[in-house]
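Asks: Got a structure here, written out as C-alpha cells. Questions coming.
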Amino acid sequence: MNPVFQRQPRTIKAILEEASQTHFEDMALSEPVKEVLQRVVEMSAYSRPGIGLTKGFVIDMVTRIFNLKNKSWVIYRSRKPEYVIPRQVLITCLIDYLNFSVTDAAAVCGKDHSTGTHSHKVTHETLVNDREYGERVRRVFGECRKILDASKHL
C-alpha cells in the first residue's frame with residue numbers, strides 16, 4: 001500500500017497548514033505528493049488578487065531556500081554564517097524587489113544602515129564568487145521576480 005494512505009486521511013487544508021509551518025522535506029508524504037503541494041502553495045501565492053511580493057513572503061522564502069527550521073532565525077542576532085548569509089539575502093531582496101530603503105531593510109533584521117549596505121554589496125558579490133550560496137541567492141531572486149511578474153498581470 002502507498003505510504004501516503006497508511007495514516008489517517010487528512011484534508012488538503014490540514015496538509016497545507018502543516019506545510020506552511022514546516023518544510024515539505026520534514027513531512028511524512030511521498031515525493032510526488034510533496035511536489036504537487038509545493039506547486040499548489042506556489043500558485044496560491046501567485047494567484048491571490050491584489051497581493052504581490054510581501055516582506056513576510058520574502059522572509060518565508062529565504063527561510064525555506066536556506067533550510068532554516070524557524071523564520072525567526074533569519075533575523076536572529078548571530079554571526080554564524082548559516083544565519084548571516086540568509087539575513088544578507090533577505091536585506092538585499094527587501095531593497096531590490098520591495099523598494100525598502102537600506103535603513104528600513106536592515107531594521108527588519110534589527111540592524112543599522114551600514115549593515116544593510118554591507119549586506120547588499122556582499123550578496124551581489126556572492127552571486128559571482130560563491131557557487132553554493134550563489135545558486136541559493138539566484139533561486140530567491142528568481143522567485144521574487146516570478147511573483148512580481150505575476151502580480152503585474154493581476
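Asks: For region 128-151, which residues satisfy the criterion of being assigned to a helix (DSSP H, G or I) and free of Cβ contacts under 8 Å to residues at least 12 places away in the same chain?
Replies: Of everything in region 128-151, those that are assigned to a helix (DSSP H, G or I) and free of Cβ contacts under 8 Å to residues at least 12 places away in the same chain turn out to be Val128, Asn129, Arg131, Glu132, Gly134, Glu135, Arg138, Gly142, Asp149.
Asks: Follow-up question, since we're still on this one. For region 41-83, what are the residues that are closer than 16 Å to Arg145 by Cβ and modelled with pLDDT of 70 or more?
Replies: Leu53, Thr54, Phe57, Val58, Met61, Val62, Ile65
Asks: For Ser78, indicate whether it is of a type outside the set (Lys, Arg), free of Cβ contacts under 8 Å to residues at least 60 places away in the same chain, exposed (fewer than 12 other Cβ atoms within 10 Å of the Cβ) and not in a helix (DSSP H, G or I).
Replies: So Ser78 passes the test.
Asks: All but one of (1) modelled with pLDDT of 90 or more; (2) in a helix (DSSP H, G or I); (3) over 12 Å from the mean Cα position of the chain (by Cα) hold for Phe100; which doesn't?
Replies: With (1) modelled with pLDDT of 90 or more; (2) in a helix (DSSP H, G or I); (3) over 12 Å from the mean Cα position of the chain (by Cα) applied to Phe100, the lone miss is (2).
Asks: Being out of contact with any helix residue (DSSP H, G or I) (no Cβ under 7 Å at 6 or more places or on another chain) and surrounded by 17 or more Cβ atoms within 10 Å (Cβ to Cβ): is that true of Lys111 here? Steps first, answer last, please.
Replies: Details: out of contact with any helix residue (DSSP H, G or I) (no Cβ under 7 Å at 6 or more places or on another chain): yes; surrounded by 17 or more Cβ atoms within 10 Å (Cβ to Cβ): yes.
Yes: the conditions hold for Lys111.
Asks: Name every residue in region 114-123 that is of a type outside the set (S, T, N, Q) and surrounded by 13 or more Cβ atoms within 10 Å (Cβ to Cβ), in order of residue number.
Replies: Answer for region 114-123, where residues must be of a type outside the set (S, T, N, Q) and surrounded by 13 or more Cβ atoms within 10 Å (Cβ to Cβ): Gly116, His118, His120, Val122.
The values are calculated or read from the model by the stated rules, or taken from the named source; none is laboratory data. Small disclaimer: the values here were computed from a predicted structure and weren't measured. Cβ sites come from the backbone with ideal geometry, for glycine too, and all protein chains shown count toward neighbours.
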